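Novice: Mind looking over this structure? Questions follow.
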């Protein structure tokens with residue numbers, strides 16, 4: 001992708017005194033004409049690149065602009081490499097690994113010892129996730145809309161959106177874009193998307209707001225749940241909501257009170273806790289759990305007769 005190549009070229013120019021168009025063309029496996037266009041784009045972006053023809057000529061960044069690596073500490077470099085490695089865990093290519101090698105080669109004096117932070121952003125769906133991310137990245141780069149089938153609690157729909165941001169949040173990947181069906185900016189979960197294809201260039205130059213990813217915005221509270229958990233569920237409450245999310249009662253059980261966003265999500269969580277939880281409020285959740293449990297019991301009771 002072009003943006004990857006531009007970042008790679010800039011990284012080389014920041015680390016090396018001088019390079020040439022043929023060297024860059026060979027390194028990135030593109031034509032010299034493409035490299036010349038990339039250099040023009042970097043100049044238009046405000047990077048003071050100087051080119052010189054003839055013997056001893058080449059491409060370089062003007063003196064005074066080159067990054068002073070003394071402002072980066074060893075810890076800084078470790079954090080940068082950890083971030084790049086995390087992106088490589090979901091990338092469908094080896095780009096981020098190659099970029100890590102370039103940074104390491106130019107900053108060996110800042111990288112000592114073993115890595116202390118390892119981040120893996122991949123999931124059980126890595127084989128299907130990487131191609132989706134690559135397709136969406138390409139569409140964002142060339143400003144193409146994408147079309148896909150989306151699976152949600154409300155049913156299956158065909159969507160076409162203008163994609164703007166790929167986002168990793170709440171342990172999952174999302175794409176943020178303008179939905180042409182709803183005429184609004186929306187967030188779509190990649191695991192629920194299927195058959196992603198490029199469609200056409202954007203028809204409008206929209207002013208794109210930064211997505212508000214706060215929990216209260218994306219998952220606005222609907223109601224308050226009050227439940228009593230068995231002591232064996234303490235680890236799950238701590239993991240999900242923190243050590244101060246419950247009160248230990250005199251009998252050892254745990255009183256849990258918290259806001260929640262939707263009934264279906266709460267029901268799924270309570271059912272996953274089996275007989276280790278008793279919901280006190282809201283009453284409609286108690287009744288729905290009783291109905292579901294009765295239907296399940298009736299289904300299996302019929303098989304036993």
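Each reported figure results from applying straightforward, stated rules to the coordinates on display, with no laboratory input. What you see is a predicted model; the values in this text were computed from it and never measured. Virtual Cβ from ideal backbone geometry, glycine too; neighbours counted across all protein chains shown.
Novice: What value does region 2-61 have for Rg/Rh, both radii from Cα atoms and Rh as Kirkwood defines it?
Specialist: Across region 2-61, the Cα-based Rg/Rh ratio is 0.91.
Novice: Rank by packing, highest mean first: peptides 47-59, 225-237, 4-16, with packing defined as the count of other Cβ atoms within 10 Å averaged across residues.
Specialist: Per-residue Cβ counts within 10 Å, averaged per peptide and sorted highest first, yield 4-16, 225-237, 47-59.
Novice: Alpha carbon centre of region 5-61 versus region 161-192: separation in Å?
Specialist: 34 Å
Novice: Using only the alpha carbons, work out the radius of gyration and Dmax of region 259-305 in angstrom.
Specialist: According to the Cα coordinates of region 259-305, Rg and Dmax are 12.1, 42 Å.
Novice: Next up: Region 210-305: D in µm²/s via Stokes-Einstein (Kirkwood Rh, Cα pairs, 4 °C, 1.567 mPa s)?
Specialist: The diffusion coefficient I find is 87 µm²/s.
Novice: Ok, one more. How do 130-137, 195-202 rank on mean C-beta neighbours within 10 Å, highest first?
Specialist: The most tightly packed comes first, giving 130-137, 195-202.
Novice: Work out, step by step, the length gained on full extension between residue 232 and residue 210: first 0.36 nm times the residue separation, then minus their alpha carbon distance; give nm to one decimal.
Specialist: Using 0.36 nm per residue and subtracting the Cα-Cα distance, I get 3.8 nm.
Novice: Another question about this same structure. Could you sort the peptides 174-184, 277-287 by per-residue average Cβ neighbour count (10 Å cutoff), highest mean leading?
Specialist: Result, highest mean first: 174-184, 277-287.
Novice: Return an integer: the convex hull volume of the alpha-carbon atoms of region 201-244, in Å³ per residue.
Specialist: 151 Å³
Novice: I would also like to ask the following. What is the fewest-to-most order of 207, 259 by other Cβ atoms lying within 10 Å of their Cβ?
Specialist: Ordered from fewest to most neighbouring Cβ atoms within 10 Å, 207, 259 come out as 207, 259.
Novice: Normalising by the residue count of region 2-61, find the relative contact order in percent from Cα pairs under 8 Å and 6+ residues apart.
Specialist: 38 percent
Novice: Suppose R0 equals 45 Å; then what is the FRET efficiency for residue 17 and residue 143 from their Cβ-Cβ distance, rounded to the nearest 0.05?
Specialist: 0.80
Novice: Which whole-number percent gives the relative contact order of region 126-212, counting Cα pairs below 8 Å spaced six or more residues apart?
Specialist: 30 percent
Novice: What percent of all Cα-Cα pairs in region 153-238 falls into each 5 Å bin, going from 0 up to the bin containing the maximum distance?
Specialist: Whole-percent P(r) values from 0 Å outward: 3, 10, 18, 20, 16, 11, 8, 6, 5, 3, 1, 0.
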